[in-house]
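No lab work stands behind these numbers, since they all come straight from the coordinates. Small disclaimer: the values here were computed from a predicted structure and weren't measured. Using ideal geometry, Cβ is built from the backbone for each residue, glycine included, and neighbour counts are taken over all protein chains shown.
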Amino acid sequence: MDEEIKERAMKLHREYEGKVEIMPKVPFKGLDDLAYFYTPGVAVACQEIERDGDQAYELTWKSNSVAIVTDGSRTLGLGDVGSLASLPVMEGKALIFKLFGGVDAVPIPINEHDAKEFIKIVERISPSFGGINLEDIESPKCFYILDELRKRLEVPVWHDDQQGTATAVLAGLLGALDVVGKRLEEVRIAVIGVGAANTAGIRLLMKAGVAEENIIAVDSRGILYKGRRDLKKSPHKLEIAEKTNLKGLKGGIREAMKGADVVIAASKPGPDTIKEEWIEGMNEDAIVFALANPVPEILPEKALSAGARIVGTGRSDYPNQVNNSLVFPGIFRGVLTVRAKRITDELAIEASKALYEHAKPKLSENYIIPRMDELEIHEKIAIRVAEKAVRDGIARREMKRSEIRNEVRRILSLTRKKIEAISKVIGIQQ
């Protein structure tokens, strides 16, 4: 990390003592207002919710609130720093939720590393929230936690390191394939690393149309194939081995990449995890996503010199940043607007298509996916996802496209006005 960034980041965190706070959303003119917002008037809201639980969406913040929960076991590239030390990251996530999705997100690090106990805690706090965002939980327990919470809760549960990254990867891949003139259904893809992001990514790619036999996944011990004995203790890897690599290819990264059209790497940081000569063995017009942070598995300039036509990374200082921050504000804005019960792979694919279609008029080798500061993408994702949730019958609110569009725009516009006003006040105080 650049020293200037380190120093300024520390200065700003210390100066503001965090990045988010709770503010009233109602006008307050004096104590008389509390008769309605608090006692005695608040009792009628409680009684209405007791009669009909869904009224919580109408009468409380539940309709626009998300809990960002973590155990701190896999915080960014820092590893297991513990729940307390993960709080700055969760606050940053909450800030992005509000800035780009108008969503009230609450950072909740939980001091519990046991998966079953963690699930119980999240389940118990869930009544207050319209959605749950799992964050920075180590693999493989993150798969179990996500699956269990999706079964137990009737609000959307999302693991951004899995589903968010997978959605961004699919969007970037759709754009890259458009540029090189190849079809999703025909390309051969080497997937390097079988952690949270790529496990979800493989599932999403297959649902989007990639042929199972055209995916070759590699973990730290080599290519996954049916019959590999050491996979029995790893259910998610065993499932991948059963469904992909139908010809039973064996070997390591080199063998997986030979003759591939695409490589999607989310493994250990480089810069030499992927060798230049391995890219030379790929097909013409190769696409390389080297997503490890802070250092990609191979530096973009080296990948390009080795013959790759398009390179994407997880970093903002290179073209084609493939980042889950492009996805989750719009996804949650959409599902909260129609009060969806869950976030399915079909909704994630819809978000990927929204990103791709936004980028399509400007696609090039250095622009395969929108940038995070293209604010209209969050609105487009939200509308597409909300519509899809209604069509698929998982929304509590039946809304027409025009109603969804107006509601999403109203919330995002109001949020931006509030942020502008607060920023002016802070500037005056300084």
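Details
- Segment 321-426: GluC sites (Glu not before Pro) in DSSP coil with no more than 10 other Cβ atoms inside 10 Å: E398
- Amide hydrogen proximity for A217: with H placed 1.01 Å from N in the peptide plane, the residues at 5 or more positions away or on another chain lying under 5 Å are V191, L224.
- Amide hydrogen neighbours beyond the local backbone of G312, cut-off 5 Å, H modeled: V288, F289, A290
- Net charge of Cβ neighbours under 10 Å - reference Q163; Lys, Arg +1; Asp, Glu -1: -2
- Longest DSSP-loop-exposure-free segment, chymotrypsin sites (Phe, Trp or Tyr not before Pro), the chain, at most 13 other Cβ within 10 Å: 39-430
- Exposure proxy ranking, count of Cβ atoms within 10 Å, fewest first, for T167, T415, T313: T415, T313, T167
- Taking other C-beta atoms within 10 angstrom as a stand-in for reagent exposure, S139, S352, S364 fall in the order S364, S139, S352, fewest first.
- Helical runs (DSSP H, four residues minimum) scored at -39500 (n - 2.57) apiece and divided by the length of the chain put the mean residue ellipticity at 222 nm at -14000 deg cm²/dmol.
- In segment 21-155, the convex hull through the Cα atoms has an average projected area of 9.5 nm², a quarter of its surface area.
- DSSP-assigned coil residues among GluC sites (Glu not before Pro) in segment 28-117, each with at most 16 further Cβ atoms within 10 Å: E112
- Each residue, K232 and D32, gets one label point 7 Å from its Cα in the Cβ direction; the gap between the two is 7.6 nm.
- Hz values of 3J(HN,Hα) by residue in segment 70-80 - Karplus curve (6.51, -1.76, 1.60), Gly and Pro given as x: 8, 10, x, 7, 8, 8, 6, x, 8, x, 7
- DSSP bridge analysis restricted to segment 21-155 gives an antiparallel fraction near 10%, rounded to the nearest 5.
- Proximity of backbone amide H atoms, modeled 1.01 Å from N, is registered between V103 and K98 at under 5 Å, excluding neighbours fewer than 5 places apart on the same chain.
- C-alpha center-to-center spacing [segment 315-356, segment 1-59] in angstrom: 25 Å
- Using the Cβ-Cβ distance between E212 and V42 with R0 set to 41 Å, the FRET efficiency from 1/(1 + (r/R0)^6) comes to roughly 0.15.
- For segment 196-251 and segment 127-195, distance of Cα centres in Å: 15 Å
- Percent of C-alpha pairs per 10 Å bin, segment 1-72, short to long: 14, 27, 27, 17, 12, 3
- In a DSSP loop and with at most 11 other Cβ atoms within 10 Å, the trypsin sites (Lys or Arg not before Pro) in segment 154-188 are R183.
- Karplus-based coupling profile of segment 277-293, in residue order and whole Hz: 5, 6, 5, 4, x, 7, 5, 4, 6, 5, 10, 10, 9, 10, 9, 5, 10, with θ = phi - 60° in 6.51 cos²θ - 1.76 cosθ + 1.60 and x standing for Gly or Pro.
- Over segment 173-313, relative contact order from alpha-carbon pairs under 8 Å, at least 6 apart, %: 22 percent
- Derived scalar couplings between HN and Hα for segment 412-427 equal 5, 5, 5, 4, 5, 5, 5, 5, 4, 5, 5, 4, 5, 4, 4, x Hz in order, rounded to whole Hz, by the Karplus curve 6.51 cos²θ - 1.76 cosθ + 1.60 (θ = phi - 60°), x for Gly and Pro.
- Debye intensity ratio in log₁₀ form over the Cα atoms of the chain, taken at each q of 0.07, 0.12 Å⁻¹: -0.35, -1.03
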